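The values are calculated or read from the model by the stated rules, or taken from the named source; none is laboratory data. Everything quoted here is computed from the prediction, not taken from an experiment. Using ideal geometry, Cβ is built from the backbone for each residue, glycine included, and neighbour counts are taken over all protein chains shown. Heavy atoms of the whole protein, side chains included, go into the accessibility calculation; ligands, DNA and RNA do not. Shrake-Rupley method; radii C 1.70, N 1.55, O 1.52, S 1.80 Å.
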Amino acid sequence: MEENRTADTQKVKRSFSAWLGELREFMKGRFSLDEDKAQRDEVVASVSKGVEFRGVNLWVLIFATMIASLGLNVNSAAVIIGAMLISPIMGPIMGVGLALGINDFELLKKSLRNLALMFIVAIITSTVYFFISPLSSNSSELLARTVPTTYDVLIALFGGLAGIVAQTRQDRTSTVIPGVAIATALIPPLCTAGFGLATGQFRFFIGAFYLFFINSVFIALATYAMVRFLQYEKKVFIDKVRERTVKRLMMVITLVTFIPSVVIGFHMVRVSLFEAVADKYVSQVFNFPHTRVIECNKHYAQGKNPSQIELLLVGEPLGEEVIENARTQMRNFGLEEAELVVRQANTEDKVDVVSLQKSYQELLEEKNRRIGEMSSQLKRYRVTNVEVNDISREVGAMMDNIGAISLTKGITFDVEGTPGDTTLVCVVTPRDSALPVDRETLIRWLRIRTKVENVKLFVEP
């Protein structure tokens, strides 16, 4: 009996192991990147070609920068997306990541040199545009490119991974690269930086450059990680001394570039988490029937200054004991290190809702009156074509001697330009000019048919 139980257990284990092996092979086949994989040298040549900024690429960058600047200026997301689609700005950034991954110092120098050239050209182009543009307002599309968030870091990271995976395929005609160009949004921050320089708003320049730098670094980091994952062969130097020098230099460049960006990225994550928790705290704790939070400013800790949540309340004032109770609840949300600042309107500052509603009602009535007057004036000036098609057939059936009829309805003006009554002008061509046309009957019928009292009838000879 015991032997049979042991045999059954062994059989179940073998079946489970076989099932795990099949599942592993299935998942390996599904997620394998070996299918349609291009050769290493082919990928390096393709990326190196995209790195170069001269001729067509340089002009396309200038045009893309102008289009993105126009889109930011007129607050058009569609135009900005179009600029991101045609921008060749991804090339040098992916070149940096690939060069670090395969230990190619020449490609790294070429990528950094062209990246600097691209940055300078885009900044100059956007600055010149915004300097001469008559529109200088801070649109929502501009403001969205001045403060990087955690989501920008994640988008750049996963966008870079998608971009380098697409570059390592034999077929590079897919929509991945254009999609990555749209998602990572590299050209709009540069144009926003140019807007900051042109208008003297240096906080715009710093914030937009910060966003561009973060996106660029994490795209390059994603490219480097994927290249190492694919185990691309590293470049071998004949001169070992030069190889050590190049490796040390590339290591320094990598650390100087990536470490600050990673630190910045973690800081952005902490800020985002603090703001999310603060929003949750405010929505749950400051939920009163006669008091509303109309403004909530969240300031993350900087240096010796602790984190701070600043609220502006309107409505029934809260007592000090209520506010202190709200402060004691901050530790339940992990906000014990943060300060709570509550600002409330005085009783003299209460809004007279009845008076406000009355003022809005009067304003609405005045607008409706003006709209009615303009509609009435529009009707007086409007010239409307008459349904000649139907009227001509009816007249033909009613009077045998009418061969053709022309009708026009318009406004009669005096010599001083003052509009008068609506006039219907009717021109009739008889079938036989020798026979008369019953003018009185036709005029009376036209007045009833067209609802126009003033009818002018002309009979062609």
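Taking a label point 7 Å from the Cα of R343 along the Cα→Cβ vector, which residues of region 279-301 have an amide N closer than 13 Å to it?
Inside the label zone: 294-298.
Keeping all protein chains in position, work out how much accessible area F213 exposes to a 1.4 Å probe, and write it in Å² to the nearest 10.
70 Å²
Counting other Cβ atoms within 10 Å of each Cβ, which trypsin sites (Lys or Arg not before Pro) in region 15-118 have at most 10 and sit in a DSSP loop?
Numbers: sites: R24, K28, R30, K37, R40, K49, R54, K109, K110, R113; in loops: R54.
In loop regions of region 15-118 (DSSP not H, G, I, E or B), the sparsely surrounded trypsin sites (Lys or Arg not before Pro) are R54.
For C191, C296, what's the largest-to-smallest order of accessible area, 1.4 Å probe? Could you put the intermediate results ahead of the total?
On the way: C191 0, C296 40 Å².
Result, largest first: C296, C191.
Given the whole protein assembly as supplied and a 1.4 Å probe, what does the accessible area of F205 come to in Å², nearest 10?
We get 50 Å² for F205.
For E373 and I264 in the same chain, what is the full-extension length gain: residue separation times 0.36 nm, less their Cα-Cα distance, in nm?
Values: separation 109, 0.36 × 109 = 39.24 nm, distance 6.03 nm.
So the chain would gain 33.2 nm between E373 and I264.
Tell me the per residue accessible area of region 408-461 using a 1.4 Å probe; a whole number in Å² is fine. It would help to have the intermediate numbers written out before the result.
Values: 3670 Å² over 54 residues.
Per residue, region 408-461 has 68 Å² of solvent-accessible surface.
With every protein chain left in place, what is the accessible area of V153 in Å² (1.4 Å probe, nearest 10)?
It works out to around 20 Å².
Determine the gain in length on full extension of the stretch Q302-T9; use 0.36 nm per residue of separation and subtract their C-alpha separation, reporting nm with one decimal. Walk me through the numbers on the way to the answer.
Working: separation 293, 0.36 × 293 = 105.48 nm, distance 6.14 nm.
Stretched out fully, the Q302 to T9 stretch lengthens by 99.3 nm.
In nm, what is the difference between 0.36 nm times the number of residues separating A77 and R24 and their Cα-Cα distance?
14.7 nm
Using a 1.4 Å probe and counting only protein heavy atoms, arrange D432, D104, D41 so the residue with the most accessible area comes first. Let's see the in-between values first.
Working: D432 65, D104 25, D41 105 Å².
Listed by decreasing accessible area, they come as D41, D432, D104.
Rounded to the nearest 0.05, what FRET efficiency do V256 and K37 give with R0 = 45 Å and r taken as the Cβ-Cβ distance? Could you check? Can you show the working numbers first?
On the way: r = 32 Å, r/R0 = 0.72.
Taking R0 as 45 Å, the efficiency between V256 and K37 is 0.90.
Only Cα pairs under 8 Å and at least 6 apart count here; give the relative contact order of region 405-461 as a rounded whole percent. Working shown, then result.
On the way: 78 pairs, mean separation 21.2, N = 57.
So the answer I get is 37 percent.
Over 19 Å between C-alpha atoms is what I'm after, so list which of K109/K235; K37/K110; K37/K109 land there. Display every interim value, and only then the final one.
Working: K109/K235 15 Å; K37/K110 25 Å; K37/K109 27 Å.
Correct reply: K37/K110; K37/K109.
Pop a pseudo-label 7 angstrom from the Cα along the beta-carbon direction at both N287 and T408 and give the gap in nm to one decimal.
7.0 nm
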